[in-house]
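S.K.: Before anything else, here's the structure in question.
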Amino acid sequence: MNHGAIPLTLGGDHTIALPILRALAKKHGPVGMVHIDAHADINDEMFGEKIAHGTPFRRAVEENLIDGNRVVQIGLRGTGYSAEEFDWSTQQGFRVVPAEECWYKSLTPLMAEVREKLGDGPVYLSFDIDGIDPAFAPGTGTAEIGGLTSTQAIEIIRGMRGLDVVGGDLVEVSPPYDPFGNTSVLAANLLFEMLCILPGVRYDDKVKAVY
Ligand SMILES: [Mn+2]
């Protein structure tokens with residue numbers, strides 16, 4: 001951070017987003033965030049723990065690391081949620097986009113809305129691989145059916161080009177659940193896509209090269 005680097009971090013457990021956001025907020029103040037995930041990760045506690053992979057964004061709001069009015073969560077679903085469970089997020093100003101809102105369509109129009117909501121300020125991108133459907137990304141610990149496609153994932157990341165992205169992560173890839181390595185290949189490609197939308201990176205669509 002002291003040398004002006006933009007962190008792109010690989011996980012592993014989604015808990016890693018919390019210390020990264022702490023460091024970013026020290027430099028930038030509360031940041032906006034695009035969060036792709038099957039789960040909201042806003043639990044107050046998990047198995048009695050305040051810091052776990054289901055709680056980082058509750059802590060991030062409490063510690064004023066993210067600006068709720070500049071947060072969008074995409075792909076939420078899952079068997080463990082009640083209808084009220086997203087009320088806390090919307091009270092913080094989050095735009096919550098459940099997976100159902102993404103089914104059968106391009107996410108390019110949604111990303112126009114996202115860019116408008118996030119505006120000119122600093123933005124963090126937190127990408128949980130389980131936001132994508134297990135058909136494309138089975139190698140994760142808490143797979144949920146009915147998720148995003150790999151092309152929608154690319155649309156989301158490319159749709160962030162032009163935003164002031166100050167950091168990103170790609171988390172919850174779990175090699176023991178990924179015996180054929182296809183989830184890791186997808187994750188690596190999504191990180192490449194992230195690299196291409198960082199401010200100051202020139203990307204040539206035709207030759208697929210980063211300068
Ligand atoms: Mn997560």
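Just so you know, all these numbers are worked out from the coordinates, no wet-lab data involved. Bear in mind the structure is a predicted one, so any value in this text is a computation, not a measurement. So basically every Cβ, Gly included, is an ideal-geometry build from the backbone, and we count neighbours across all protein chains shown.
S.K.: For residue 117 and residue 50 in one chain, what is 0.36 nm times their gap in residues minus the Cα-Cα distance, to one decimal in nm?
M.R.: Taking residue 117 through residue 50 to full extension adds about 21.2 nm, to one decimal.
S.K.: Let me ask something else about it. Give me the number: length gained by fully extending residue 106 to residue 27, i.e. 0.36 nm times residue separation minus the C-alpha to C-alpha distance, one decimal in nm.
M.R.: Value of the extension gain: 25.0 nm.
S.K.: How much net charge surrounds residue 120 when only other residues with a Cβ under 15 Å from its Cβ are counted (Lys, Arg +1; Asp, Glu -1)?
M.R.: Net charge around residue 120: +1.
S.K.: Could you tell me which of rounded, prolate or oblate describes the chain, using a ≥ b ≥ c as the square roots of the eigenvalues of the alpha-carbon gyration tensor, with rounded for a/c under 1.5 and, failing that, prolate when a/b is larger than b/c and oblate otherwise?
M.R.: Here the chain falls in the rounded category.
S.K.: Stretched out fully, how many nm does the piece from residue 154 to residue 96 gain, at 0.36 nm a residue minus the Cα gap?
M.R.: Separation in residues times 0.36 nm, less the Cα-Cα distance, equals 19.0 nm.
S.K.: Follow-up question, since we're still on this one. About its Cα centre, what dipole magnitude does the stretch 8-200 give when the only charges are +1 on Lys and Arg Cβ and -1 on Asp and Glu Cβ, stated in debye to the nearest 20?
M.R.: Roughly 640 debye, rounded to the nearest 20.
S.K.: What distance in nm lies between label points placed 7 Å from Cα along the C-beta direction at residue 195 and residue 63?
M.R.: For residue 195 paired with residue 63, the spin-label model returns 2.8 nm.
S.K.: Here's something else I'd like to know. For the chain, which span is the longest to avoid every loop-located (per DSSP) member of GluC sites (Glu not before Pro) having at most 15 other Cβ atoms inside 10 Å?
M.R.: 64-211
S.K.: For the chain, what relative contact order do you get, as a whole percent, if you take Cα pairs closer than 8 Å and at least 6 residues apart?
M.R.: Result for the chain is 23 percent.
S.K.: Which of 199, 20, 159 sits farthest toward the positive end of the charge dipole of the chain, with +1 on the Cβ of Lys and Arg and -1 on the Cβ of Asp and Glu?
M.R.: So the residue we want is 199.
S.K.: What trypsin sites (Lys or Arg not before Pro) in the stretch 17-122 are in a loop by DSSP, with at most 12 other Cβ atoms within 10 Å of the Cβ?
M.R.: Within the stretch 17-122, the qualifying trypsin sites (Lys or Arg not before Pro) (loop, at most 12 other Cβ atoms within 10 Å) are 50, 105.
S.K.: Need the C-alpha centroid separation for the stretch 86-114 versus the stretch 26-60, integer Å.
M.R.: Spelled out, the Cα-based centre of one part sits 17 Å from the other.
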